[in-house]
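A.B. asks: Pasting a structure below so you can have a look.
The values are calculated or read from the model by the stated rules, or taken from the named source; none is laboratory data. All values derive from a computational prediction rather than experimental measurement. We place every Cβ from the backbone using ideal geometry, glycine too, and count neighbours over all the protein chains shown. Please note that ligands, DNA and RNA were not included when accessible areas were found on the heavy atoms of the full protein model with its side chains. Shrake-Rupley method; radii C 1.70, N 1.55, O 1.52, S 1.80 Å.
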Number of protein chains: 2
Amino acid sequence: MLRIPAGKPVDLASCDTRATPAGPSGKAAGVEATARMGERLADLQERLWASGTAGDRRRILLILQGMDTSGKGGTVKHVIGLFNPSGCRIKAFKAPTAEERGHPFLWRIMRALPEPGEIGIFDRSQYEDVLAARVRGLVQHRRLGGRYGQINRFEQSLAEDGVTVVKCFLHISYEEQRERLLKRLDNPDKHWKFTMGDIEDRALWPAYQEAYEIALERCTTDAAPWYVVPADRKWYRNWAVSKLLLEHLEALDPKYPKADFDVAAAMEQLLSQR
Amino acid sequence: MLRIPAGKPVDLASCDTRATPAGPSGKAAGVEATARMGERLADLQERLWASGTAGDRRRILLILQGMDTSGKGGTVKHVIGLFNPSGCRIKAFKAPTAEERGHPFLWRIMRALPEPGEIGIFDRSQYEDVLAARVRGLVQHRRLGGRYGQINRFEQSLAEDGVTVVKCFLHISYEEQRERLLKRLDNPDKHWKFTMGDIEDRALWPAYQEAYEIALERCTTDAAPWYVVPADRKWYRNWAVSKLLLEHLEALDPKYPKADFDVAAAMEQLLSQR
């Protein structure tokens, strides 16, 4: 995965969607390496959760963005599946409801944030409001332009409240998307994942890539950097997102809190009961 | 696990907490059998979810109740961990907040219900309002008495809306709880799971057992039966809850929905694009 540096134009066409930077040598090794990370991830998650019960406000927010079929749902299944589900707060954002449209675009985002000790996962996010909204011309140009700054200020305030924001753009190629959509059409058990809207969005591919480039460029900050994850190879995508989460959890280094009661006295009481 | 029959008094003391009814022969076989159920559970969950996208309102609500250390959290970790986390809606109920106390006791329950296609999991539930509330005398006797009927009518309405309610009482012995609490006290990494309140509640063990007997007797209905799961053996508890979920999912027999678009035309369009 590539961390987008601040202050430079982003050129997605120059990012190879089949690349495996810093990754294992192949699929078998990648799947195994990801599984091996599972235990360490779950251990760190329990420490983060435990620490949260003692007043630590830190938490993680993983934001997954990408074109249709880029594997947002697959990442949740395979990577978040490595964690204890009780500590995960997953939210998939769809087209805004009437109620959501009646509020500022960040309203529904705030309501879905992880609580202290949790790992939050957004499948789509506030970025849809500068992606689909831009490509489909859903808002006036001036309002759209203001949203990037609003998002940056919002994410800055999250960071100040103890939220580690990890934003991943799952990057697939136009050809890979065609393959994946054809595969869905080829299997009746997968038809439910397909809508004709997928083909309409696909016709807007260049506009979406441009909208992503603008969003990644304007909203990669120290508080909340963007990562581009080459995602044509699913095993690499899962490995890379797991690795990113592991690095961030290790940097947090959460500790089990010390007992706020007298352990010896509690033991004695327990042993003397009845 | 034992399904509580309607209209008979419940005697928890006569249910052996170390029993393994209908279960595998031992721990190794039990762990393996549970893991083997995982694939089938995940497959049925995907079908349920897929069916939900096409208007099927059916869903599952697993309610976990039990004394401290009975393994509610462990069940979520080990059993719910077998599913795709995106389709699970997990809620752990704590002592009611000031806002929750300002509403009828079912208010916070309604807000946490699974949506169509989902598997909802309650770690504690509306039953706390006839358990802790009864034992600790938090409500007037008359109001308490009315709650059993309110719960039954509520669960009946859930069933009518497509919710399969599966209620499990994780049954451990007084001695087993002592062992588990001592183990927590013995390991500094587990101290965060312990509070002195655990010892206070333990002193009320007989009153809690009685409150459970009353709740199980009054609230086991055709719409939402209670199951007693012997839970001194963790491997059996995990196997039994997995098995119950599997049986209920198999009975629902959810199907992948048929395409509501012209598959051949979609394929052609995809192949002709650009």
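A.B. asks: Within region B:45-60, can you find the residues that are within 13 Å of chain A (Cβ to nearest Cβ) and hydrophobic (A, V, I, L, M, F, W, C)? Break it down stepwise before answering.
C.D. replies: Restricting attention to region B:45-60, the residues satisfying the condition of being within 13 Å of chain A (Cβ to nearest Cβ) are B:45-56.
Scanning region B:45-60 gives B:LEU48, B:TRP49, B:ALA50, B:ALA54.
A.B. asks: In region A:192-203, which residues are out of contact with any helix residue (DSSP H, G or I) (no Cβ under 7 Å at 6 or more places or on another chain) and closer than 16 Å to B:ALA54 by Cβ?
C.D. replies: Result: A:THR195, A:GLY197.
A.B. asks: Among the residues of region B:4-25, which ones are part of a helix (DSSP H, G or I) and either open to solvent by less than 30 Å² (accessible area, probe 1.4 Å) or touching a strand residue (DSSP E or B) at 6+ places or on another chain (Cβ under 9 Å) (or both)? Outline the logic, then answer.
C.D. replies: At the first step, the residues of region B:4-25 found to be part of a helix (DSSP H, G or I) are B:12-14.
Residue satisfying the conditions is B:LEU12 alone.
A.B. asks: Only one residue in A:ILE90, A:ILE80, A:ILE63, A:ILE109 is open to solvent by less than 10 Å² (accessible area, probe 1.4 Å), β-branched (Val, Ile, Thr) and at the interface with chain B (Cβ under 10 Å from one of its Cβ atoms). Which one? Write out each step before concluding.
C.D. replies: Working: A:ILE90 fails: open to solvent by less than 10 Å² (accessible area, probe 1.4 Å); A:ILE63 fails: at the interface with chain B (Cβ under 10 Å from one of its Cβ atoms); A:ILE109 fails: at the interface with chain B (Cβ under 10 Å from one of its Cβ atoms).
Exactly one of A:ILE90, A:ILE80, A:ILE63, A:ILE109 is open to solvent by less than 10 Å² (accessible area, probe 1.4 Å), β-branched (Val, Ile, Thr) and at the interface with chain B (Cβ under 10 Å from one of its Cβ atoms), namely A:ILE80.
A.B. asks: Given the conditions (1) among the aromatic types (Phe, Trp, Tyr); (2) under 21 Å from B:MET37 (Cβ atoms); (3) in a loop (DSSP other than H, G, I, E, B), which single one is not true for B:PHE261?
C.D. replies: Result: B:PHE261 fails condition (2) only.
A.B. asks: Applying the selection to region B:246-274, what residues are in contact with a Leu (Cβ under 8 Å, 6 or more places away or on another chain) and within 14 Å of chain A (Cβ to nearest Cβ)?
C.D. replies: B:PRO254, B:VAL263, B:ALA266, B:MET267, B:LEU270, B:LEU271
A.B. asks: On the given criteria, is B:LEU244 of a type in the set (A, V, I, L, M), surrounded by 13 or more Cβ atoms within 10 Å (Cβ to Cβ) and over 30 Å from A:MET196 (Cβ atoms)?
C.D. replies: Numbers: of a type in the set (A, V, I, L, M): yes; surrounded by 13 or more Cβ atoms within 10 Å (Cβ to Cβ): yes; over 30 Å from A:MET196 (Cβ atoms): yes.
Yes; evaluated as a whole, the condition is true for this residue.
A.B. asks: Right, here's the next one. Being charged (D, E, K, R), open to solvent by less than 40 Å² (accessible area, probe 1.4 Å), at pLDDT 95 or above and under 30 Å from A:ALA266 (Cα atoms) narrows it down to one of B:ARG180, B:ARG147, B:ARG233, so name that one.
C.D. replies: On the way: B:ARG147 fails: under 30 Å from A:ALA266 (Cα atoms); B:ARG233 fails: open to solvent by less than 40 Å² (accessible area, probe 1.4 Å).
Just a single option satisfies the conditions, and that option is B:ARG180.
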